[in-house]
1. Only one residue in Ser89, Ser53 is at pLDDT 95 or above and part of a helix (DSSP H, G or I). Which one?
2. What about Arg42, is it surrounded by 10 or more Cβ atoms within 10 Å (Cβ to Cβ) and at pLDDT below 95?
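The values are calculated or read from the model by the stated rules, or taken from the named source; none is laboratory data. Just so it is clear, the structure is predicted and the values come from calculations on it, not from any experiment. With ideal geometry, Cβ positions are generated from the backbone for all residues, glycine too; neighbour counts draw on all protein chains shown.
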Amino acid sequence: MSEERESGRAGRERPSTAADRRGRRAAPAPAGDSKGRPTPVRDAGPARRSLPSRVARFLREVVAELRKVIWPTRKELVTYTIVVLVFVSFMVALVALLDYVFGQAVMFLFGT
């Protein structure tokens, strides 16, 4: 069965890493083409963009990043909220108990 799958790929070999499967690895540079040249400067573009264009670009990038977020389902959100509330309640009780114990110890040592 694996031979059938292999033959259906039309001669392509299987990528060995996750980065290769996603296509994020850069193709190797042509031989002798990249050596001996300085790295291109990124700041060689226009000197300064206007404020509205910078704000618009920022907002486009924010929307693009928010599209990448894996948002929790309602059930996950309720579960996470309950876990956080229980943990915070536990920590408040622990700090209150320690405050009481240390307060009693200070009163015992220095008395008033």
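1. Exactly one residue qualifies, and that residue is Ser89.
2. Answer is no for this residue.
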